[in-house]
Amino acid sequence: MPGKTETGLRGLVYFAVGVAALGGLLFGYDTGVISGAILFITKQFSLSASMEEIVVSSVLVGAAVGAALGGALTNRFGRRKLIILAGIIFTLSAIGTALAPTVSLLIVGRIVSGLGIGVASFISPMYIAEVVPAKVRGALVAVNMLAITTGIVAAYLVDYALSGIEGWRYMFGLGAIPAVILIIAMWKLPDSPRWLISTSRVKQAKVVLKSLRTVSDIDPEIADIQQSMAKQGAGGIAGLLRPSVRMPMIVGIGLAVFQQITGINTVMYYSPTILKFAGIENTGTAILAGAGLTGVMWCFHVLAIFMLDRVGRRPLLLAGVAGQIVGLAILGAAFEFQQLASFKSYVAIGGLVIYVSCFAFGLGPIFWLMISEIYPLKVRGAAMSAVTVINWITNLGVAVTFLSLVKVLGHAGTFWLYGVTAVGAWIFFYRLAPETKGKTLEQIEAHWRTGKPAQA
């Protein structure tokens with residue numbers, strides 16, 4: 001991390017990043033906890049495969065709605081208040097799902113949880129991107145993705161620890177603890193200086209920037225933000241139709257869709273189920289193996305933090321998607337070829353490890369990082385909201401069709417289908433994904449206004 005240079009940071013920055021990333025941790029916990037809990041919910045309520053899909057995917061309906069509402073509210077109320085709102089929603093949903101007496105109320109609780117996830121999923125990285133300087137933006141925004149994975153790992157470990165008593169209600173209820181911490185800690189933090197400038201609170205923005213930077217003269221940074229805003233034109237939803245925003249919207253939508261249709265959340269939601277398909281019969285062992293996979297993902301997210309501002313976004317993105325293709329090919333082979341039957345579970349685990357590790361340093365963090373970077377300030381809230389809604393809708397589509405696809409195409413065919421979409425993703429990113437390493441948000445905005453190719 002830089003010292004006392006022109007991009008030097010005070011300790012408050014790291015505290016702010018850590019607190020905002022709690023939103024990511026809750027995002028990860030609430031999406032990951034269902035993977036173990038669903039095994040016991042299905043048993044207790046005798047759920048059919050279609051009802052199991054509804055319980056798992058109901059959170060995604062709420063996430064799509066939450067992302068849309070968050071986009072509408074963030075420009076008016078600011079990033080900080082939206083993160084606090086997400087914390088309140090997470091608290092209520094954790095308590096509600098833990099106490100739900102029926103499947104219907106459990107589904108309602110999961111939808112409410114999704115509202116919090118939808119808001120936090122894009123507000124947390126946006127807040128971080130707007131308070132940190134360019135040279136460390138990749139690493140510090142990636143902390144949010146690491147927090148998401150940490151939440152998933154924690155969810156799996158909690159699921160495993162409580163599997164012996166089939167304590168799915170406790171699995172959900174424990175999510176209230178970090179949610180309350182998020183509310184209290186975020187209350188003490190300032191809002192994004194860029195949002196303050198966008199609402200004409202320049203003096204307040206200066207005070208905030210001085211508390212975040214080690215340099216005494218923050219006027220040049222303020223001037224850059226103001227000059228960039230003056231060239232941006234209309235903001236909000238209307239601003240998304242401007243020619244200069246067209247290419248970043250295409251890139252963002254491509255990132256949002258391909259992150260999901262390459263199958264990552266079938267692994268997140270169903271990895272114990274997949275491992276049981278592969279021959280691991282003991283439920284606790286399957287859950288623990290799923291926790292091991294998320295542990296692998298966590299390690300490679302740490303690697304991404306150190307590499308994003310050194311290697312760049314494009315090389316990691318392309319290498320990561322290529323690795324996902326290899327992992328999916330191996331995973332499909334584990335289920336297709338009878339020659340592998342005697343050690344199918346090991347081949348399947350190997351394919352999953354390759355797949356999740358490559359996702360963890362590529363498409364996983366880079367989607368959330370890049371959409372926090374490529375949009376002009378006046379439309380950032382609306383644009384990030386729009387692509388996040390698309391991401392969650394696509395996520396929902398993948399989640400509700402996975403078990404059905406397995407019935408129609410078989411296990412091998414399903415994973416190979418995801419592999420084919422990953423090939424399409426690699427081609428798309430090779431042609432269109434920009435390199436944003438080391439550029440200020442205002443420099444990235446200026447690049448789009450020139451009309452130059454995305455990857456220039």
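The values are calculated or read from the model by the stated rules, or taken from the named source; none is laboratory data. Quantities reported herein were computed from a predicted structural model and do not represent experimental measurements. So basically every Cβ, Gly included, is an ideal-geometry build from the backbone, and we count neighbours across all protein chains shown.
Looking at the range 187-201, which of the residues that are surrounded by 18 or more Cβ atoms within 10 Å (Cβ to Cβ) and either polar (S, T, N, Q) or at pLDDT 95 or above (or both) is nearest to the chain's Cα centre (by Cα)?
Selected residue: 192.
If you take the residues in the range 368-383 that are surrounded by 24 or more Cβ atoms within 10 Å (Cβ to Cβ) and in a helix (DSSP H, G or I), which one is farthest from the chain's Cα centre (by Cα)?
Filtering the range 368-383 for residues that are surrounded by 24 or more Cβ atoms within 10 Å (Cβ to Cβ) and in a helix (DSSP H, G or I), the one farthest from the chain's Cα centre (by Cα) comes out as 379.
Residue-by-condition table, conditions (1) basic (Lys, Arg); (2) at pLDDT 90 or above; (3) crowded, with 24+ Cβ neighbours inside 10 Å:
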site	(1), (2), (3)
61	no, no, no
71	no, no, yes
74	no, no, yes
92	no, yes, no
106	no, yes, no
116	no, yes, yes
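Does any residue of the range 155-168 turn out to be in contact (Cβ under 8 Å) with a residue 40 or more places away in the chain, hydroxyl-bearing (Ser, Thr, Tyr) and more than 27 Å from residue 117 (Cα to Cα)?
no
May I ask you to say which residue of 423, 400, 387, 408 is β-branched (Val, Ile, Thr) and surrounded by 23 or more Cβ atoms within 10 Å (Cβ to Cβ)?
The match here is 387.
Could you please give the count of residues in the range 76-90 that are surrounded by fewer than 24 Cβ atoms within 10 Å (Cβ to Cβ) and either aromatic (Phe, Trp, Tyr) or closer than 21 Å to residue 255 by Cβ (or both)?
Of the residues in that region, 1 qualify.
Give me the pairs, please: first residue somewhere in the range 31-45 and in contact (Cβ under 8 Å) with a residue 12 or more places away in the chain and assigned to a helix (DSSP H, G or I), second residue anywhere and of a type in the set (Gly, Ala, Ser) and surrounded by 21 or more Cβ atoms within 10 Å (Cβ to Cβ), beta-carbon distance under 7 Å, and either six or more positions apart or on two chains.
Going by the 7 Å Cβ cut-off, the qualifying pairs are 32/151; 32/155; 35/271; 35/290; 36/163.
So is residue 436 modelled with pLDDT under 95 and touching a Pro at 6+ places or on another chain (Cβ under 8 Å) or not?
No.
Can you confirm whether residue 175 is surrounded by fewer than 23 Cβ atoms within 10 Å (Cβ to Cβ), under 30 Å from residue 285 (Cβ atoms) and at pLDDT 90 or above?
Taking the combined requirement at face value, the residue does not satisfy it.
Just to check your reading of the model, which residue among 410, 397, 419 is in contact (Cβ under 8 Å) with a residue 24 or more places away in the chain and over 25 Å from residue 38 (Cβ atoms)?
419
For residue 137, are the conditions met, namely being under 16 Å from residue 55 (Cβ atoms), part of a helix (DSSP H, G or I) and basic (Lys, Arg)?
no
Go through (1) of a type outside the set (Gly, Ala, Ser); (2) at pLDDT below 85; (3) surrounded by fewer than 18 Cβ atoms within 10 Å (Cβ to Cβ); (4) in a helix (DSSP H, G or I) for residue 241 and report which single condition fails.
Among (1) of a type outside the set (Gly, Ala, Ser); (2) at pLDDT below 85; (3) surrounded by fewer than 18 Cβ atoms within 10 Å (Cβ to Cβ); (4) in a helix (DSSP H, G or I), residue 241 violates only (4).
If you check 364, 327, 410, which single one turns out to be of a type outside the set (Lys, Arg), at pLDDT 90 or above and more than 27 Å from residue 124 (Cα to Cα)?
327
Just to check your reading of the model, which residue among 106, 189, 146 is among the aliphatic types (A, V, I, L, M), farther than 13 Å from residue 26 by Cβ, in contact (Cβ under 8 Å) with a residue 40 or more places away in the chain and outside any helix (DSSP H, G or I)?
189
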